[in-house]
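Have a look at the structure below, then the notes.
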Amino acid sequence: MSASTIDIPGQASETKVCPSFEPALEVLGVNAKAKIKKEAADDAARVLKATFRLLAPVEPVGIAEELDTRVVEMDLEEDILGMLRIKPGDETKICLNMHHGVLRRRLTCALELGHYVRHAPKATEYGRIDRRTDRSTSGDDADLIYAEEFAAWLLMPQSEFRALAELGVDELEIALRFQVPRDVVQRKLTDLGFRATELSEA
């Protein structure tokens, strides 16, 4: 996707992917979405293995630094979760919203890392701003589907997550274990065929 420069109040110019300048989002079928999610899950496992960060809680900022990506906290609008900028000849930068809680910032860092892993090998220049409102249109956004799946499995290594789910560990305990927002755990449990009510009764 092409990127254009926008001004962030009080900050240096950043880049933003502008869907409005692109053709309408492709409608992704179930198989296409499943393929994207599998790719993201495999990449998250590969990054965890390569950085020797298999024990929970996983530290996404440390992983970013190992990938020569600088992570900074910025004074951003409430709706902005975070940003990523890849620019040849300059350091890659992930920006997090300093007004958000620790768990939200951890998840956002992992989300932006997902964009980085997907685009860094092929991008001459890439920029993206992720907003809370993006979730309403995420169903056919291949980049966001990938990044969300990558972030979830980066912070919650699959083998341990599945083991906890199969043991009937409560979703809140799982969220505390991995230091992620509870709704992320709920979505993954649903994806794997578990129901929160069943876990609570176990």
Item to complete: Scan region 113-125 and give yes if some residue there is under 16 Å from the mean Cα position of the chain (by Cα), open to solvent by less than 80 Å² (accessible area, probe 1.4 Å) and farther than 23 Å from residue 41 by Cα, otherwise no.
Response: no
Item to complete: Enumerate the pairs (first residue in region 148-175 and touching a residue at least 60 places away in the same chain (Cβ under 8 Å); second residue anywhere and open to solvent by 10 Å² or more (accessible area, probe 1.4 Å) and among the acidic types (Asp, Glu)) with beta-carbon separation below 7 Å, excluding pairs fewer than 6 apart on the same chain, so at least 6 apart or on different chains.
Response: 150/43
Item to complete: Of all residues in region 138-163, count the ones that are surrounded by fewer than 16 Cβ atoms within 10 Å (Cβ to Cβ) and either within 18 Å of residue 193 (Cα to Cα) or at pLDDT 95 or above (or both).
Response: 4
Worksheet item: Taking the condition farther than 16 Å from residue 38 by Cβ and open to solvent by less than 70 Å² (accessible area, probe 1.4 Å), does residue 170 pass?
Response: yes
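Going by the conditions given, is residue 28 of a type outside the set (Ser, Thr, Tyr), in contact with a Ser or Thr (Cβ under 9 Å, 6 or more places away or on another chain), open to solvent by less than 80 Å² (accessible area, probe 1.4 Å) and more than 16 Å from residue 155 (Cα to Cα)?
no
The values are calculated or read from the model by the stated rules, or taken from the named source; none is laboratory data. On a predicted model such as this, the values are computed, not experimentally measured, just so you know. Every residue, glycine among them, receives a Cβ derived from its backbone with ideal geometry; neighbour counts consider all protein chains shown. Keep in mind that these areas ignore ligands, DNA and RNA; they rest on the heavy atoms of the full protein, side chains included. Shrake-Rupley method; radii C 1.70, N 1.55, O 1.52, S 1.80 Å.
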